[in-house]
Amino acid sequence: QVQLVESGGGLVQAGGSLRLSCAASGSIASINALNWYRQAPGKQRELVAGITSGESINYADSVKGRFTISRDNAKNTVSLQMNSLKPEDTAVHYCNAHIRRPGDYIFYAYWGQGTQVTVSS
């Protein structure tokens, strides 16, 4: 079993900051890509930021220069530092990890339960 647990969401005023964290636990042999997605009411889930095992990083255009993704391979965690938050950043944010379990030959995608980020104007 593999579990992803997110933390750090909450309510913040526009211009403020939040830091999201996600910890992967369970039967894990290796982790490839770690991503943050978000889904606002009535909208499709979208990729916010991603980081590969080789530390290659990509961001959605809407968050470039404001958000920073990082990972700690020793702790199997990924974080998202969100600065200069805007009301349009309001959404449920989900952690996504591509994980290979011991004995498996391929990576499977796992999702966290989501954490709410609300930015007031």
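Identify all residues within region 82-113 that are under 13 Å from the mean Cα position of the chain (by Cα) and either crowded, with 16+ Cβ neighbours inside 10 Å or more than 27 Å from Ala29 (Cα to Cα) (or both); write none if there are none.
Across region 82-113, the qualifying residues are Met82, Ala91, Val92, His93, Tyr94, Cys95, Asn96, Ala97, His98, Tyr110, Gly112.
Within region 46-77, track down each residue that is in a strand (DSSP E or B) and of a type in the set (A, V, I, L, M). Explain how you work it out, then say what you get.
Here is the first cut: in region 46-77, the ones in a strand (DSSP E or B) are 46-51, 57-59, 67-72, 77.
If the condition is that a residue be in a strand (DSSP E or B) and of a type in the set (A, V, I, L, M), then Leu47, Val48, Ala49, Ile51, Ile57, Ile69 are the ones that fit.
Check off (1) surrounded by fewer than 15 Cβ atoms within 10 Å (Cβ to Cβ); (2) closer than 18 Å to Leu18 by Cβ for Arg66 and give me the number that stays unchecked.
(1)
Which numbered condition trips up Val78, out of (1) open to solvent by less than 60 Å² (accessible area, probe 1.4 Å); (2) in contact with a Gly (Cβ under 9 Å, 6 or more places away or on another chain)?
Single failed check for Val78: (2).
Answer yes if at least one residue in region 32-45 is among the polar types (S, T, N, Q), over 14 Å from Gly8 (Cα atoms) and touching a helix residue (DSSP H, G or I) at 6+ places or on another chain (Cβ under 6 Å), and no otherwise.
Within region 32-45 (the criterion being among the polar types (S, T, N, Q), over 14 Å from Gly8 (Cα atoms) and touching a helix residue (DSSP H, G or I) at 6+ places or on another chain (Cβ under 6 Å)), the answer is no, since none of the residues qualifies.
Checking Gln116 against (1) open to solvent by 80 Å² or more (accessible area, probe 1.4 Å); (2) at pLDDT 95 or above; (3) outside any strand (DSSP E or B); (4) not charged (D, E, K, R), which test does it fail?
Status for Gln116: all satisfied but (3).
Determine whether region 32-45 contains at least one residue that is over 26 Å from Ser120 (Cα atoms), open to solvent by less than 50 Å² (accessible area, probe 1.4 Å), under 13 Å from the mean Cα position of the chain (by Cα) and in contact (Cβ under 8 Å) with a residue 40 or more places away in the chain.
Within region 32-45, one or more residues are over 26 Å from Ser120 (Cα atoms), open to solvent by less than 50 Å² (accessible area, probe 1.4 Å), under 13 Å from the mean Cα position of the chain (by Cα) and in contact (Cβ under 8 Å) with a residue 40 or more places away in the chain.
Quick check: is even one residue across region 90-103 touching a residue at least 40 places away in the same chain (Cβ under 8 Å) and either in contact with a His (Cβ under 9 Å, 6 or more places away or on another chain) or charged (D, E, K, R) (or both)?
Checked against the condition, which is being touching a residue at least 40 places away in the same chain (Cβ under 8 Å) and either in contact with a His (Cβ under 9 Å, 6 or more places away or on another chain) or charged (D, E, K, R) (or both), region 90-103 yields at least one hit.
Does Asn58 satisfy the criteria of being touching a residue at least 40 places away in the same chain (Cβ under 8 Å) and out of contact with any helix residue (DSSP H, G or I) (no Cβ under 7 Å at 6 or more places or on another chain)?
When the stated conditions are applied, Asn58 does not pass them.
The values are calculated or read from the model by the stated rules, or taken from the named source; none is laboratory data. Quick caveat: nothing in here was measured; it's all calculated off a predicted structure. Positions of Cβ are backbone-derived with ideal geometry, glycine not excepted, and every protein chain shown enters the neighbour counts. Keep in mind that these areas ignore ligands, DNA and RNA; they rest on the heavy atoms of the full protein, side chains included. Shrake-Rupley method; radii C 1.70, N 1.55, O 1.52, S 1.80 Å.
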